[in-house]
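The values are calculated or read from the model by the stated rules, or taken from the named source; none is laboratory data. Given the structure is predicted, the values throughout are model-derived calculations rather than measurements. Because the Cβ atoms are built from the backbone with ideal geometry, glycine has one as well, and the counts that use them run over all protein chains shown. For accessibility, only protein heavy atoms count, side chains too; no ligands or nucleic acids. Shrake-Rupley method; radii C 1.70, N 1.55, O 1.52, S 1.80 Å.
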Amino acid sequence: MPQLDLWSWVYLQLGRFAAILAARLATLHPNPEAPFMWKGRFTQQTADLVQRYGESVSYDWRLFPHDIAGSIAHARAQMNARLLTEEEFVQIETGLREIEREIEEGEFEFSNELEDIHMNIEAALTRKIGPAGSKLHTARSRNDQVATDTRLYCRFAIDSILSLIAGLQKALLAQAENHAATILPGYTHLQRGQPVTAGHHLLAYVEMLERDKQRLSDCRKRLNVCPLGSGALAGSTINLDRSAIAQELGFDGVSTNSMDAIADRDYIAEFLFILSLLGAHLSRLSEDLILWCSAEFGFAALSDRHTTGSSLMPQKKNPDVCELTRGKTGRLVGNLVALLTALKGLPLTYNRDLQEDKEPLFDSVETITLVLEVNAEMIASMDLNIENCRKAAEDPLLLATDLADYLVRKGVPFRDAHELVGKAVACAEEQDTTLDTLDLSLISDKFGNDTESVFNLEGALRARSNPGSPSFENVMGEIQRWKVELA
Ligand code: ARG
């Protein structure tokens, strides 16, 4: 080290002293740029990249009405516990309502530095009303806050999806009523099986959708429990009236284990599963409609408003809405798998991985909302081609089973009857004729001269009169039942 003269040494020591003092001051008076929620512990601003990486406000802003409702209920409980004066509570409530209006009207400025919707709202409140705002987070953590907000969001979304499903059921029901007597083939293996009616076919989807609604209602019951008061994971030393908060927010009760309440995302997984299954049902409906609208089937036509053309082939009228519904089901299932994969292997309680629950949730809710809306509209304006449906159903092979049943009624065991009719079908094929015109006495003397009645389509449907089968009378009965159910 070179020899220093006295003044250089003095300057060096002063410099060191200044550096130590600056560091000391920095801890006493933290960097005002450090994130305001945890500024006490930090002297450095979060790196830009980390802010971009960790922010969720660009999507969790959707939680704002629930966050505000939760904060007001929490503040009211604080006032009742004498942690806030009445005046402070009023300031908080008014400030939060103002923020709510600003967000609704697009005037609110969201900031990535404040990470999520919870901190954005709290910071804005404190900016607006001063010291009372910084009391709001007493006895609360973002962990119980986010769990509360997402439960409220799911509850709200379930209610809206339930009514959208009912709307689609009504559109299907109206078509079922128009076509209660429209006969078409029912298929297995996509091979013509037996005659049914379009009404019966469409009501099958009404049934599926009803089960989806039941599952949603069940999920709603299970999730309607308030986690507020669970704190970060171990409750709080400051006791607020949890039941009063839960009641104000419309919950049926309070959670009973703070660690479970913070870590639990079962309700989102359940909800995403139900939406996936609903998506699968709508995808199957789409596939049926795509087939029905093909030239090969020619059973149905969708309106021009719900189909698209081709930029190249002038004749095309494509069922894109159905295809998109079928395709979007992949996203719904993907969202479920993304969440389950994020949950698997997480230790109790909160881990930041849990922030990854939101995009799948919002995406599935918004996707299914649009799917339900557009399908209800499309189905309401769909036309069925009654003649083409009937033509396809007039294939006498569709009544081969009825012919076997005819033999059973004459005392032939079903397996033998099946074999005899099978032989008749092969014989008709060989002779290039149809089953109803074949001389059946060549096959067996069990066939009488009254087989003609078997090949009457209307008669065949009328005979399917057991509950759940597609006789006209049954289908009309079901239509009446659904009308009452969905009124
Ligand atoms: N944005 C966070 C999330 O959605 C809120 C909870 C943050 N909690 C925490 N301990 N960092 O998960």
(message) Given points 7 Å out from each Cα along the Cα-Cβ axis, report the R222 to F42 separation in nanometres with one decimal.
(response) 3.7
(request) Mind giving me the FRET efficiency for T437 and R284? R0 is 30 Å, r the Cβ-Cβ distance, nearest 0.05 is fine. (result) 0.25
(request) Output ³J(HN,Hα) for the range 463-473: one whole-Hz value per residue in order, computed from phi by the Karplus curve 6.51 cos²θ - 1.76 cosθ + 1.60 with θ = phi - 60°, and x for Gly and Pro. (result) 5, 7, 10, 5, x, x, 8, x, 4, 3, 4
(request) Could you tell me what % of all Cα pairs in the range 125-227 have separations over 22 Å? (result) 58
(request) Mind ranking L324, L233 by accessible surface for me, highest first, 1.4 Å probe? (result) L324, L233
(request) Find which of A392, Y350, G235 sits farthest along the positive direction of the dipole of the chain, computed with +1 on the beta-carbon of Lys and Arg, -1 on that of Asp and Glu, about the Cα centre. (result) G235
(request) Principal axes first, then extents: for the Cα atoms of the chain, list largest minus smallest coordinate on each axis, whole Å, largest first. (result) 128, 61, 42
(message) With the crude spin-label approximation of a point 7 Å out along Cα→Cβ, what separation in nm comes out for Q51 versus E359?
(response) 2.0
(request) Would you mind getting me the FRET efficiency between N178 and T401? Use the beta-carbon distance for r and R0 = 30 Å, nearest 0.05. (result) 0.60
(request) Evaluate E = 1/(1 + (r/R0)^6) for A463 and E366, where r is the Cβ-Cβ distance and R0 equals 45 Å; express this FRET efficiency to the nearest 0.05. (result) 0.45
(request) May I ask you to compute the full-extension gain from R481 to Q214, defined as 0.36 nm times their residue separation minus their alpha-carbon distance, rounded to one decimal in nm? (result) 94.4 nm
(message) Under the 0.36 nm per residue contour assumption, what length would be gained going from the current alpha-carbon distance of A232 and E104 to full extension?
(response) 43.2 nm
(message) Here is the link list: K317/K483; K328/K358; K221/K344; K128/K221; K170/K391; K39/K344. Which ones come out longer than 30 Å on Cα distance?
(response) K317/K483; K128/K221; K39/K344
(message) If packing is taken as the average number of other Cβ atoms within 10 Å across a peptide's residues, how do 246-258, 270-282 rank, most packed first?
(response) 270-282, 246-258
(request) Taking amide H positions as placed in the peptide plane 1.01 Å from N, state which residues far from G193 in sequence (5 or more) or on other chains have amide H under 5 Å from it. (result) G186, Y187, T188
(message) Can you return the lysines within cross-link range of K446? Criterion is Cα-Cα under 23 Å, with same-chain partners fewer than 8 residues away left out.
(response) K410, K423
(request) For the range 213-224, just list the computed ³J(HN,Hα) in residue order, Karplus coefficients 6.51, -1.76 and 1.60, θ = phi - 60°, integers in Hz, with x standing in for Gly and Pro. (result) 5, 4, 4, 5, 5, 5, 4, 4, 4, 5, 8, 7
(request) Taking a cut-off of 16 Å between Cα atoms, list the aspartates and glutamates near K316, but don't count ones fewer than 8 places away on the same chain. (result) E296, D304
(request) Treat every Asp and Glu Cβ in the chain as -1 and every Lys and Arg Cβ as +1, leave all other atoms uncharged, and give the resulting dipole magnitude about the Cα centre to the nearest 20 debye. (result) 1420
(request) May I ask you to evaluate 6.51 cos²θ - 1.76 cosθ + 1.60, the Karplus curve with θ = phi - 60°, for each residue of the range 77-94 and list the ³J(HN,Hα) values in order in whole Hz, giving x for glycine and proline? (result) 5, 5, 5, 5, 8, 6, 8, 10, 6, 4, 5, 5, 4, 4, 4, 5, 4, 5
(request) Once you have the Cα-Cα distance between C427 and S163, take 0.36 nm times their residue separation minus that, and quote the gain in nm to one decimal. (result) 89.7 nm
(message) Which order do you get for Y187, Y267, Y53 if you rank them by accessible area with a 1.4 Å probe, largest at the top?
(response) Y53, Y187, Y267
